Amino acid sequence: MSFKNIKKDFPILEQKVNGKNLVYLDSAATTQKPKEVINSLNNYYKETNSNIHRGVHTLSQKATEKYEKARVMIANFIDATSSKEIIFVRGATEAVNLVASSYVKPLLMENDEIIISQMEHHANIVPWQMVCEEKKAKLKIIPIDENGELIINKFNELINKKTKFISLNHVSNSLGTINPIKKIIHIAHQKNIKIMIDGAQAVQHLEISMKDIDADFYCFSGHKMYAPTGIGILYGKKELLEQMPPYQGGGDMIKSVTFEKTTYNDIPNRFEAGTPNISGAIALGKAIEYINKIGISNINKHEEDLLNYATSKLKKINKVKIIGEAKEKAAVISFIIEGIHPHDIGTIMDSHGIAIRAGHHCTQPIMDFYNVPATARASFAIYNTKEDVDELVKAIEKCIKVFA
Ligand code: PMP
């Protein structure tokens, strides 16, 4: 499979930035969108736009059909048992908040414990802090080691009778670490504890099967997998979703409403109050079609090659230090350069037309662990090439010269 021509599928990558060909290395923040996805949004508003579920007219039925077809495609993509287990949300952040509010909060008592890890995105920290504060429960943290890997022994030690829930990321957005989630889920289930996996940085890189990993909840954002912003997925096991109260009230999530009593709709509609992001859901389906066309295992192999190539090149540059050297990594490289603030690195890269991210990447506890204020981060996707890595390396070398 050749990845040479894939860039052509992404119109935004044709432009120049600061007079240079754009090299986009910020896909962990958000990926660019292929023509198919952009056209899908355009076509939806040109041909199908209508509200779903409630209309008998043709456009409404067409829109409903496409929206529900996207749900089935997503269920197949992550190998869920049923499309009823797929809830459309705004993104991973909303999915975590939904589970914290509708599943965990009702079962949490004073002094109970929730386990997360030191490498979580703020989206998988703050909702748990909020729910713990409200219910006077405690948050327990699995530590990481210098390589940026979870210390599994410590995880085993943290689990006890008070542990009510676990929520961990599949892939770290700032270190790239791929966590052994199947093993972790197995440990949790042996102790009868339910577990959520934040897959925001995983689904676009790895083949994933809900049936295989057996997660109770799993979530991700469309915009990190070639789809638009404002659409994401919460997967939940049917038997859990069915017992959960709604997250928000409003239209479409009810069976009947009187002023005395409202009965709620079945899943998944119970968790989709109000008019959803219809065009976004359909475009997410298109993004999945696009990924499937290339093949997730081909994508994985391509990105792994880029990661290995970039890692070996960066390691050869004096003064560059890679932050996060787990054995299993996705195509994300955080690095620092001795004597240069990451924000300055980011600005200089931009002057060369190279888009990287500089900051704490919404993972401040990781920055504290490595005792750095921020890192520079290059992250790769299907449209990147070894030439992109060469441009990055050249620009870093120039950057070091400027500051020397
Ligand atoms: N978890 C991880 C690991 C992430 O990388 C991100 C986005 N950077 C999120 C959660 C939150 O995703 P979103 O902002 O799309 O809700």
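Data overview
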item	result
Alpha carbon Rg of segment 61-126, scaled by the compact-globule rule 2.2 N^0.38 Å	1.45
Segment 203-262: trypsin sites (Lys or Arg not before Pro) in DSSP coil with no more than 12 other Cβ atoms inside 10 Å	Lys261
Computed over segment 330-383, Kirkwood Rh from alpha-carbon pairs, angstrom	11.6 Å
Fraction in percent of alpha-carbon pairs per bin - 10 Å, segment 111-179	21, 52, 25, 2
Local net charge near Tyr383, Cβ-Cβ under 10 Å (Lys/Arg +1, Asp/Glu -1)	0
Degrees between helix 342-351 axis and first principal axis of the chain (Cα, 0 to 90, nearest 10)	80 degrees
Carbon/sulfur fraction of accessible area - segment 37-293, other protein chains in place, 1.4 Å, %	49 percent
Volume of the Cα convex hull of segment 163-313, divided per residue and given in Å³	142 Å³
Shape box of the chain [Cα atoms, principal axes, largest first, Å]	73, 55, 34
Residues of segment 165-179 with amide N under 15 Å of the 7 Å Cα→Cβ point at Asp212	179
Karplus (6.51, -1.76, 1.60) ³J(HN,Hα), θ = phi - 60°, over segment 393-399, in Hz, Gly and Pro reported as x	4, 4, 5, 5, 4, 5, 4
Computed [θ] at 222 nm, deg cm²/dmol, the chain (DSSP H ≥ 4; -39,500 (n - 2.57); rounded to nearest 500)	-11000 deg cm²/dmol
Amide H within-cut-off set for Asp26, under 5 Å, with H built and near neighbours excluded	Ser379
Simple Cβ-charge dipole of the chain, Lys/Arg +1 and Asp/Glu -1, about Cα centre, in debye nearest 20	320 debye
Centre separation in Å (Cα based) which lies between segment 134-195 and segment 57-114	22 Å
Qualifying GluC sites (Glu not before Pro) in segment 307-404, DSSP loop, other Cβ atoms within 10 Å at most 12	Glu328, Glu338
Solvent exposure of segment 218-362 as accessible area per residue, Å², 1.4 Å probe	43 Å²
For segment 242-365, alpha-carbon Rg and Dmax in angstrom	23.2, 71
Estimated translational D of segment 144-202 in µm²/s (Stokes, Kirkwood radius over Cα pairs; 4 °C; 1.567 mPa s)	108 µm²/s
In degrees, nearest ten, helix 181-190 long axis to first principal axis of the chain (Cα)	40 degrees
Residue-normalised accessible area of segment 1-61, given per residue in Å² at a 1.4 Å probe	59 Å²
Pairwise label distance in nanometres, Lys255 with Gln61, each label 7 Å out on the Cα-Cβ vector	2.6 nm
Positive minus negative residues near Lys69 (Lys, Arg vs Asp, Glu; Cβ under 14 Å)	+1
Net lengthening on full extension, Gln364/Ile151 (0.36 nm per residue, minus Cα-Cα)	74.8 nm
Using θ = phi - 60° and Karplus 6.51 cos²θ - 1.76 cosθ + 1.60, couplings along segment 377-390 (whole Hz; Gly, Pro as x)	9, 10, 10, 10, 9, 4, 7, 7, 9, 5, 4, 4, 5, 4
Rounded to whole Hz, the Karplus (6.51, -1.76, 1.60) HN-Hα couplings of segment 264-278, x for glycine and proline	8, 6, 6, 6, x, 4, 4, 9, 10, 5, x, 6, x, 7, 5
Estimated distance in nm for a label pair at Thr347 and Asn43, the labels positioned 7 Å out from Cα along Cα-to-Cβ	4.5 nm
Segment 98-173 - accessible surface per residue (Å², probe 1.4 Å)	42 Å²
All Cα pairs of segment 1-85, percent lying beyond 14 Å	76 percent
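The values are calculated or read from the model by the stated rules, or taken from the named source; none is laboratory data. This structure is a prediction, so every number in the text was calculated from the model and none was measured. All Cβ positions, glycine included, derive from the backbone under ideal geometry; neighbour counts span all protein chains shown. Calculation scope for accessible area: heavy atoms of the full protein, side chains included, ligands and nucleic acids excluded. Shrake-Rupley method; radii C 1.70, N 1.55, O 1.52, S 1.80 Å.
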